[in-house]
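J.: Structure provided below as structure tokens; questions to follow.
The values are calculated or read from the model by the stated rules, or taken from the named source; none is laboratory data. The structure presented is a predicted model; accordingly, all values stated were derived computationally and were not measured. Neighbour counts run over all protein chains shown; Cβ positions are idealised from the backbone, glycine included.
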């Protein structure tokens, strides 16, 4: 069985790429198709596979400014030749499911999210975009939405990374989806023997992550906050930060692991489809202070694995920090680690393998029903045309 993994872009190692790594373990001979790729920023596990990029890769600066090429992405995806593949697994968020699968192939889509900037986050993205994007988005977005919905019909089976995303798949594509939580390498994290007096905010520094709320809140409280990550907002966040805020930029995994284990709590102020970093914090024995929307509702249990705040504002976050500090002694590393185990990599692989095997068997059974043996077709014809059933010696010529 020839397997293709289709991922939107491979330019960093974030949550989506961790899913690709797990899929690579499931199918070690699979080929990977992606719009653009920066191999220098990928793991050895992904680099071992054959990686096929689209024509966008040949555009100067595409690897750095890939998001500006969104109008060309449908053409690039449909240019991939997947004729010889039996199983196609698309890792969708960017987009990826828009490939053209051959008739005999089974196409399973693991959906991190319907494209946020076209659907539920459209107005937020447009309001935070540059002048050119703000002018172009109202003209391009309807066309891209139509393409996005139509390509959902090219998928045989949807798998969502959370119930939150499952609901959005149902809303925008009118398709059901199974839920398999993304793989978190919980075994890579270890609780520390002691903590230090700082909170942690880690992730990509882009507008929808709302790191700006954490900066404002902890500057006002004069509490220590360590920020790990890079992105377009970095310089703006630095300008607004007070002396209690420390920026570490892009760090090694060793530094991230150490900070997760020693912080008082992870601060997670954005609305995420799932959110892997909060589970990594729990696997490190630390609780999470999170905005109570999206995937956080499926991982953060108030009083057990963290604290939730209802309004996405600095005031609400400040109140949540005070609430956390009042009950900080109630959070136990062993309980947090046990809670994180339900999002392990092993569970992801087992869940995905079961769904893929079921879909392969279902499609095989469908093909057998639709392509009956010639003898069975002959019997059907004979039932409708009795003269064809007559034996040769019973047939007379007039």
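J.: So, in the range 48-72, how many residues would count as being within 21 Å of the chain's Cα centre (by Cα), under 22 Å from residue 144 (Cβ atoms) and at pLDDT 95 or above?
T.: Residues meeting the conditions: 2.
J.: Considering only the range 243-268, state which residues are in a loop (DSSP other than H, G, I, E, B) and modelled with pLDDT under 95.
T.: Residues satisfying the conditions are 250, 251, 252.
J.: Can you confirm whether the range 45-67 contains a residue that is assigned to a helix (DSSP H, G or I) and within 24 Å of residue 347 (Cβ to Cβ)?
T.: Keep residues of the range 45-67 that are assigned to a helix (DSSP H, G or I), which gives 45-47, 55-58, 66-67.
Next, only the ones that are within 24 Å of residue 347 (Cβ to Cβ) stay: 45-46.
Checked against the condition, which is being assigned to a helix (DSSP H, G or I) and within 24 Å of residue 347 (Cβ to Cβ), the range 45-67 yields at least one hit.
J.: So is residue 316 surrounded by fewer than 20 Cβ atoms within 10 Å (Cβ to Cβ) and in contact with a strand residue (DSSP E or B) (Cβ under 7 Å, 6 or more places away or on another chain) or not?
T.: yes
J.: Residues to consider are 331, 348; find the one that is in contact (Cβ under 8 Å) with a residue 12 or more places away in the chain, surrounded by 16 or more Cβ atoms within 10 Å (Cβ to Cβ) and over 26 Å from residue 178 (Cα atoms). Reasoning before the result, please.
T.: Values: 348 fails: over 26 Å from residue 178 (Cα atoms).
Within the list 331, 348, the selection yields 331.
J.: Among the residues in the range 86-95, are any more than 20 Å from the chain's Cα centre (by Cα) and at negative phi?
T.: As a first pass, look at the range 86-95 and keep what is more than 20 Å from the chain's Cα centre (by Cα): 86.
Subset that is at negative phi: 86.
Within the range 86-95 (the criterion being more than 20 Å from the chain's Cα centre (by Cα) and at negative phi), the answer is yes, since at least one residue qualifies.
J.: Say whether the condition of being surrounded by fewer than 14 Cβ atoms within 10 Å (Cβ to Cβ), under 19 Å from the mean Cα position of the chain (by Cα) and assigned by TED's automatic domain parsing to the domain that holds residue 155 is met by at least one residue in the range 2-15. Let's see the steps before the verdict.
T.: So the first thing to find is which residues in the range 2-15 are surrounded by fewer than 14 Cβ atoms within 10 Å (Cβ to Cβ), and the list is 12, 14.
Cutting the leftovers down to under 19 Å from the mean Cα position of the chain (by Cα) gives us 12, 14.
Checking the rest, the ones that are also assigned by TED's automatic domain parsing to the domain that holds residue 155 come to 12, 14.
Yes, the range 2-15 has at least one match.
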